[in-house]
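Down below is the structure, laid out as structure tokens.
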Amino acid sequence: MSNILDSMPRLPVADLTENVMDWLTDSFSQLFNFFQKGGKSAMEFITEMLIAVPPIIFIIIVALIAFFATRRKFGLAVFTLVGLLFIYNQGLWEELMNTITLVIFASIIAIIIGVPIGILMSKSSVAEQIIKPILDFMQTMPGFVYLIPAVAFFGIGVVPGVFASVIFALPPTVRFTNLGIRQVPRELVEAADSYGSTGWQKLIKVELPLAKSTIMAGINQTVLLSLSMVVIASMIGAPGLGREVLSALQRAQVGNGFVAGLSLVIFAIIIDRLTQSLNKKK
């Protein structure tokens, strides 16, 4: 039996994949260069703006946002104040600003793409059956694999890091949007139909507001997943706290690696609690 298996020709999956990647790179090289240069310029501009803000003012603003977002509770505000002061004290402020820029761009792009796809899935069972396996593939594929097409399309730097982060972080927004709209009570949808609502009115005024809590939960997961790609994206030149972790790993600097990792944890907790607070009912 083993001899029969050994004699079988190997399927040319690797060669086919490389041929497809070469064709895409050659055919759309100008488009990829446009996105690479435009995205790099936009992200550098945002980062420079963030760095231009005095750190103490930035910290106070974020702490105030946390205070009011949590219904004037001091827990998250104090944690935000102390955590950001710690990051500044460790000399990682510029790296934090780079990380914020990467997470913001990756999350916004993933949300812009993910919500419409989730709406499409909720309206069409055929689309759901087609898209679900693709989402399963995207979520089970190791994040390191996404670096290969990212480098092939955009080279080295922050733009391929955003590209890989978007692919890795996209599925939760799509899935939760689809789930939230499908969980809207049928009676309310039928009531909207009885009043003569169009499909667009029904979506905007009934389904999306009622599915907001579920959609926001998916967005929360997307933001955290994009943050988890920061360290992986640093392998292809993306700046930020992830680069500090990677540098400490390469040089076996346990202390520096711990500080950079702890800074990422602090930032992740702040982002997670802020997005969760936006999802709470008033």
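General remarks:
- For the stretch 102-253, relative contact order (Cα pairs under 8 Å, six or more residues apart, normalised by length) works out to 33 percent.
- Estimated distance in nm for a label pair at A42 and L11, the labels positioned 7 Å out from Cα along Cα-to-Cβ: 3.7 nm
- Looking at the chain, the accessible area is 57 square angstrom per residue; that uses a 1.4 Å probe and ignores ligands, DNA and RNA.
- Extension gain, E187 back to E128 (0.36 nm per residue minus Cα-Cα distance, nm): 19.0 nm
- Ignoring the sites themselves, the chain has its longest run without chymotrypsin sites (Phe, Trp or Tyr not before Pro) in a DSSP loop having at most 16 other Cβ atoms within 10 Å at 29-194.
- Pairs with C-alpha atoms separated by more than 23 Å, drawn from the list K132/K202; K37/K132; K123/K212; K123/K202, are K132/K202; K37/K132.
- Note that the stretch 212-220 has calculated 3J(HN,Hα) couplings of 4, 4, 5, 4, 5, 5, x, 5, 4 Hz, one per residue in order, obtained from phi through the Karplus relation 6.51 cos²θ - 1.76 cosθ + 1.60 (θ = phi - 60°); glycine and proline are x.
- Estimated Rh, the chain: Kirkwood, alpha-carbon pairs, angstrom: 21.2 Å
- Ligands, DNA and RNA left out, the accessible area of the chain computed with a 1.4 Å probe is 68% carbon and sulfur.
- Short-range pairs are left out: with C-alpha atoms under 8 Å and at least six residues apart, the relative contact order of the stretch 2-138 is 17 percent.
- Most fluctuating residue given options V126, V245, V159, as computed from a GNM of the chain linking Cα atoms under 10 Å: V126
- Computed on the chain, with alpha-carbon pairs under 8 angstrom and 6+ residues apart, the relative contact order is 21 percent.
- Between Q276 and Q250, the contour length at 0.36 nm per residue exceeds the alpha carbon distance by 5.8 nm.
- Here the Gaussian network model covers the chain, with springs between Cα atoms less than 10 Å apart; of M49, M216, M121, M49 fluctuates the most.
- Sorted largest first, extent of the stretch 136-232 alpha carbons per principal axis (Å): 55, 20, 20
- Extension gain from Y88 to V265, taking 0.36 nm per residue of separation minus the Cα-Cα distance: 62.3 nm
- Taking the chain as a Gaussian network of alpha-carbon nodes connected by springs under 10 Å, the highest mean-square fluctuation of the residues A127, A169, A66 belongs to A127.
The values are calculated or read from the model by the stated rules, or taken from the named source; none is laboratory data. Bear in mind that the values here come from a model prediction, so they are computed numbers and not experimental data. Here Cβ is always computed from backbone atoms with ideal geometry, including for glycine, and neighbour counts include all displayed protein chains. Ligands, DNA and RNA are excluded from the accessible area calculation, which covers all protein heavy atoms including side chains. Shrake-Rupley method; radii C 1.70, N 1.55, O 1.52, S 1.80 Å.
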